[in-house]
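The values are calculated or read from the model by the stated rules, or taken from the named source; none is laboratory data. Please read these numbers as outputs of a predicted model, since none were measured by experiment. Because the Cβ atoms are built from the backbone with ideal geometry, glycine has one as well, and the counts that use them run over all protein chains shown. Heavy atoms of the whole protein, side chains included, go into the accessibility calculation; ligands, DNA and RNA do not. Shrake-Rupley method; radii C 1.70, N 1.55, O 1.52, S 1.80 Å.
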Amino acid sequence: MPCTLCGLPTPNPPIRDDAHEFCCYGCREVYRCFGEAVFAAQRQRTPDAAPAVQGQDAYLWIDGMHCASCEFLIERIALKARGVLAAVSSYATSTAKITYDPDQISEAELPTLLNRSGYHARLRDEAAPEYDERPDLLRMLTGGTLASFVMMLSFLFIYPIHAGFAVPADYEAISWVAFQVTPIALFVLSTIVVFYVGLPILRGAWTGVRAGLLNMDCLVALSFLSAYGYSVVQLFHDPIDLYFEVASTLVAVVTIGRYLERRVRVRATQALNTIMQAWSPEACVRRGGQYVVCKLDDLLPGDRVLVRQGETIPVDGTLVVGQGAIDESLMTGEPFPMARGAGEQVIGGSVLLEGNLEIETGPQVESRMANLARILWNMQSSSAGVQGQIDRLSRVFVPAVLVLAALVGFAFYISGAPLERALLASLATLIVSCPCTFGLAIPLTTAASISSALHRGIIVTSADLFEQEPHIDIVAIDKTGTLSSGEMAVVEVVGPPEIAVHAAAVERYSPHPVAQAIARLDTGLNASDIQTHPGRGALGNIGGRRVAVGSRTLFATLGWAIPEPLAARIEQSCHGEGVVSYVGWDGRAEGAILTRDQSRPNWERIAERLRRLSRVVLLTGAEHPNGYQAHTDEVHAGVPPEAKAAVVRQLKTCGRVAMIGDGSNDAPALAEADLGIAFGAPTALAAEAADIVIPGKQLERVLDAFKLISVTRNRIRQNLGWALAYNGVAIPLAMTGYLNPLAAALAMSVSSILVVLNASRPILREDPVEAESSPVPGALSRIRFPA
């Protein structure tokens, strides 16, 4: 029977409380803390839905998604293919989940279905191709340079006549330049800008048309194509009445904004890839007396999987051959390596530190890592943010603007205005309604913020991070790898001086983290004839003595005695916290060494700063909080990853929650939280779940991240407010004929420039890590930082 809280299998006998059964004591303690309310939150989180489609799921990265309309197009295209049962895509995360029938179509064929439509799709476990920014850079430079020349020529020869500052006779001496060469030059330069620089915009508009959805690209493309087309016609009738600069400016402004956004985001992704090592879904399986490497999808129930020292255990299973020390911290949060022997269960996604193992898969081939990935995708793809809302609004806004421009032109024409005047009024309405300010308000501010964050060692990974409610009520923090470094260090040596020297010599070459910490105690001696007991300890010869260093289990196996006074003293020192390694020779333990996971510098100060204006909750998979509870308001220990998400979900009933963690076991909680921060040396899965990744050892950067979010959100609101004000004033003026296309283009350009300048202002003017007197970041309270 599955656990009532997290759904994992329960042990036999199960852990019971009231009428419920749980998989571990952590889940039971969560229930005791929150009561029946935690189950109500779980049911509320999963509303009634149609029965799940039966088939295999494939997760794809989609390059080329530029608005929410792409979601509909991708889903429609995928569902037309034979064997595809369901398709869901997410603009916010640039991913798609395809449910397919493997008997009709293979997983490898799925990316090809979407590549035919102008997108580039790849399976989630495939490496991303290196981004070549040169084509985009060339387009941006070409657009900016040629649009500048077009604007300069227009200012010299077109604008003065339009504004009444000059008449054609004033240019008589250079009339051939002003009225023959200049119009042709404007035509040539604008043609390059429109059809080369503006090609991505045109492609995006065509994609929207094919999907039957009018997106922002459609309106932008229609605006500059209208100005360009009108100018081409007038080129043969009135070479002074040209609006090539309108088309060029529109294309250049949008292209520059998109280039800056994409460039910074790609750099963030590349930086992320250099610090994360993706989990490889492959296994070495024994079949027909030989070992072969195959994908996890090809594993069968009862397969024997070989795992070598240093490798990641690919799937959940039962250990049948060998024994080893296994680092399960990424999956469970427990900082100390666990000794596993024959007959014990191992978790897919954990790392084998010592020994070589052979595990057998169960009746169903499962991996805790794969299950967490599915939970993560379902949580993370549920929101597309304000930018997605703007694109959805465009599906109504764009047709409305087209109808409005047509009505304005028709109204002018039936009122007796010349056809040319009616067309210009319609074109001015179309141009002034072009949503460049809306299109730049969020991307440029986000790009500037991401760039500022990178300079502080902060990597922003979420598309809608800066578009959410800024107030955070609760901060949930993982212990292992976040408040602690995840590195073992010796904290006490009990016994005579030679204890440290002998232990260091025996453990010198062991890869076990506890052994490495002990080996750093001394470098003077070397042991010979080393015999390793994976997960338990080691023996070696030193000066004619056979020295043993290891756990109580090792000494029991050897039949060596542990004196009662020594055991009592160790028990008094460690209180169940840390790892005890006994050291002995001549058949008995002579001393012991206590090692613990080390705390990060200044973690107490940072936790207290967070506590001033928010509730801090320690949420860890480790069985013992090890003293960290003194600087938090609430503690949940021994909590498995699936239950961590349930705890965060329950905390969200009391307010907005930020989660800070590092391991794959934290991924569901990071995705469930309103704000997820992956800190330290996060796994690829944890980084993928988080909104922010902070690699390194400076826990203080968490405070930087909160301030960055607060300032950026205010900046976005300012830009969106200006965009609304601009449209509210400019559109009525264009509709009434007070703005001609030239004035409309200038208004649009000035509006866009103001948004760009505001977005480009420094985000973080000071370093709150060093400025102790600076206030706690505004994202943690109702305090707002000046933007």
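Per the Kirkwood definition applied to all pairs of different Cα atoms, how many angstroms is the hydrodynamic radius of the stretch 521-563?
11.1
Summing Lys, Arg as +1 and Asp, Glu as -1, what charge do residues with Cβ under 15 Å from the Cβ of residue 741 carry, residue 741 excluded?
On the way: positive: 421; negative: 238, 241, 245, 420.
Net local charge, residue 741 excluded: -3.
Once you've got the Cα coordinates, tell me which of 644/707; 80/652; 97/707; 652/697 are over 32 Å apart.
With Cα atoms farther than 32 Å apart: 80/652; 97/707.
Suppose the chain between residue 522 and residue 572 were pulled fully straight at 0.36 nm per residue; how much longer would it get relative to their current alpha carbon spacing?
15.4 nm
Describe numerically, in nm with one decimal, the distance between label points set 7 Å from Cα along Cα→Cβ at residue 414 and at residue 761.
About 4.7 nm separates the two model spin labels.
What is the local net charge at residue 353, summed over the other residues whose Cβ is closer than 12 Å to its Cβ (Lys, Arg +1; Asp, Glu -1)?
With Lys, Arg at +1 and Asp, Glu at -1, the net is -2.
Quick one: which residues, 5+ away or cross-chain, put their amide H under 5 Å from the amide H of residue 588? H built at 1.01 Å from N.
561
Can you tell me the convex hull volume per residue for the stretch 458-530, based on C-alpha atoms, in Å³ to the nearest whole number?
Considering the Cα atoms of the stretch 458-530, their hull volume per residue is 145 Å³.
Taking only protein heavy atoms into account and a 1.4 Å probe, give the accessible area per residue of the stretch 572-642 in Å².
Averaged over the residues of the stretch 572-642, the accessible area is 38 Å².
Could you tell me what % of all Cα pairs in the stretch 466-610 have separations over 17 Å?
63
Convert 20 °C to kelvin, take the viscosity as 1.002 mPa s, use the Kirkwood radius over C-alpha pairs of the stretch 282-366 as Rh, and evaluate the Stokes-Einstein diffusion coefficient in µm²/s, rounded to a whole number.
170
Under a cut-off of 16 Å between alpha-carbon atoms, report the lysines in cross-link reach of residue 295, not counting same-chain residues fewer than 8 places apart.
Those lysines meeting the cut-off do not exist here.
Quick one: Cα centre-to-centre distance for the stretch 146-192 and the stretch 583-605, in angstrom?
81
Whose amide H sits under 5 Å from the amide H of residue 87, counting only residues 5 or more places off or on another chain, with H placed in the peptide plane?
Placed amide hydrogens put 99 under 5 Å from residue 87.
If packing is taken as the mean number of other Cβ atoms within 10 Å per residue, what is the order of 647-653, 231-237, 542-548, 190-196, highest first?
Answer by packing, highest mean first, reads 647-653, 190-196, 542-548, 231-237.
Which residue, 292, 314, 351, has the largest displacement toward the positive end of the dipole of the stretch 282-366 when charges sit on each Cβ (Lys, Arg +1; Asp, Glu -1)?
Going by the charge dipole, the pick is 292.
Collect residues whose amide H, placed 1.01 Å from N in the peptide plane, falls under 5 Å from the amide H of residue 635; neighbours closer than 5 in sequence don't count.
618
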